[in-house]
Amino acid sequence: MARTGVVYSPKYLDHFTGTVEGHKRLQTIWSVLEEYRIVPKLTMVEPYAAPLEVIQLVHTPEYIQALERFAAQGGGEWAEETFVSRESYEVALLAAGGTTAGVDAVMKGTVDNVLALVRPPGHHAAKERAAGFCLFNNVAIAAKYAQKVYGLQRVLILDWDVHHGSGCQTVFYDDPSVLYFSIHQDGIYPRTGWANETGEGPGEGYTVNVPLPKQTGDAGFYYVFTRLLEPVVRQYQPELILVAAGFDAHFYDPLGSLEVTTGGFMRMTTMLKKLADEVCQGRIAATLEGGYDLGSVGYSVAGMLSAMGEMGIKVNDPVEPPSDVVRPQARIRIDDAIEIQRKYWKV
Ligand SMILES: [Zn+2]
């Protein structure tokens with residue numbers, strides 16, 4: 001068993017959007033964790049509101065103040081499809097602080113690994129721009145925070161949300177001290193993250209994008225892990241692995257078509273955990289990003305936590321979708337991405 005932490009607070013329900021990124025996501029996740037008796041096996045990690053200087057590791061003071069004002073005035077549509085309610089500013093501070101609280105718990109050794117169940121999500125948010133349901137870039141803030149507070153030289157962000165983490169990429173595009181590795185569906189929002197976007201200046205080679213076609217499935221993800229993620233991570237030797245853990249690559253998710261199953265998320269987590277044990281004393285701090293199918297997202301999260309904690313609890317999708325071979329179209333696209341990375345890594 002590993003000691004696995006979870007960050008959660010009912011305050012995360014208080015950000016009202018009127019979109020699929022709603023409070024019911026966390027409610028259903030929590031009820032599945034209870035159904036599978038996973039909650040008693042978790043260490044609760046208390047979130048705190050991130051101080052402004054921590055948010056400013058990524059965002060400009062002008063952007064932060066504008067969001068605070070907009071929320072205080074009652075909110076509305078703040079960016080395209082990105083809604084803010086009166087409480088959203090406070091909740092967004094707590095989401096960023098929940099993610100950094102997870103980093104604290106892992107770095108101090110209170111837990112071996114952690115998943116922060118926070119909202120609003122973060123990976124689309126850029127320095128001075130909200131986007132795609134995201135207000136503050138929780139995982140990017142956590143990476144900068146880990147560097148500042150714990151003096152880390154190399155941090156990996158693995159982003160397996162079905163959407164490309166456009167905000168994370170812009171924040172770290174010229175920065176070799178954070179390797180941003182994204183696996184996502186091509187041609188959907190935000191239409192960035194092509195395989196030839198590999199970073200610039202000193203950051204060249206430290207952005208790895210693996211855009212995948214529809215119906216890639218579990219086996220395609222394992223193929224990315226074994227052929228690209230694992231060799232890159234072994235060479236990079238991160239001191240901490242952050243995960244932008246979106247579950248909208250799931251088979252039933254309404255926003256994506258990558259057809260990953262809960263069993264797939266479990267196995268990917270197990271593979272990642274082994275890798276983390278090998279390179280960074282098992283340190284994994286994950287934070288929730290997308291995942292919008294209320295019928296399956298809770299199972300995917302439960303599966304991930306069970307695998308993180310080596311709990312031996314098998315979590316199945318309520319309706320198990322089929323998926324076992326790397327589809328030819330996916331294999332071609334993954335091999336293309338690998339070819340591009342050969343310039344930087346032995347893969
Ligand atoms: Zn997403």
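The values are calculated or read from the model by the stated rules, or taken from the named source; none is laboratory data. Everything quoted here is computed from the prediction, not taken from an experiment. Because the Cβ atoms are built from the backbone with ideal geometry, glycine has one as well, and the counts that use them run over all protein chains shown.
Buried (at least 24 other Cβ atoms within 10 Å of the Cβ) and in contact with a strand residue (DSSP E or B) (Cβ under 8 Å, 6 or more places away or on another chain): which single residue out of Tyr180, Tyr173 fits that description?
Tyr180
Show me the helices (runs of 4 or more DSSP H) entirely contained within the stretch 188-281 in which 3 or more residues are of a type in the set (Val, Ile, Thr), within 15 Å of the ligand (Cβ to nearest atom) and modelled with pLDDT of 95 or more.
none
Quickly run through the stretch 117-129 and pick out the residues that are away from the ligand (no atom under 12 Å from the Cβ) and within 13 Å of Thr170 (Cα to Cα).
Residues satisfying the conditions are Ala125, Ala126, Lys127, Glu128, Arg129.
Name the one entry in Val54, Val103, Val91, Val58 that is in contact (Cβ under 8 Å) with a residue 40 or more places away in the chain, closer than 19 Å to Asp14 by Cα, surrounded by 18 or more Cβ atoms within 10 Å (Cβ to Cβ) and among the β-branched types (Val, Ile, Thr).
Answer to the check: Val91.
Filter the stretch 282-298 down to residues that are in a loop (DSSP other than H, G, I, E, B) and away from the ligand (no atom under 16 Å from the Cβ) and give me whichever is nearest to Tyr150 (Cα to Cα).
Of everything passing the filter in the stretch 282-298, Arg283 is nearest to Tyr150 (Cα to Cα).
Of all residues in the stretch 230-263 being touching a Ser or Thr at 6+ places or on another chain (Cβ under 7 Å) and farther than 19 Å from Asn138 by Cβ, which is surrounded by the fewest Cβ atoms within 10 Å (Cβ to Cβ)?
Tyr252
Read through the list (1) in a helix (DSSP H, G or I); (2) in contact (Cβ under 8 Å) with a residue 60 or more places away in the chain; (3) surrounded by fewer than 24 Cβ atoms within 10 Å (Cβ to Cβ), then give the number of the only condition that Leu152 fails.
Of the numbered conditions (1) in a helix (DSSP H, G or I); (2) in contact (Cβ under 8 Å) with a residue 60 or more places away in the chain; (3) surrounded by fewer than 24 Cβ atoms within 10 Å (Cβ to Cβ), the odd one out for Leu152 is (1).
Would you confirm whether or not the stretch 155-174 contains a residue that is assigned to a loop (DSSP other than H, G, I, E, B) and among the acidic types (Asp, Glu)?
yes
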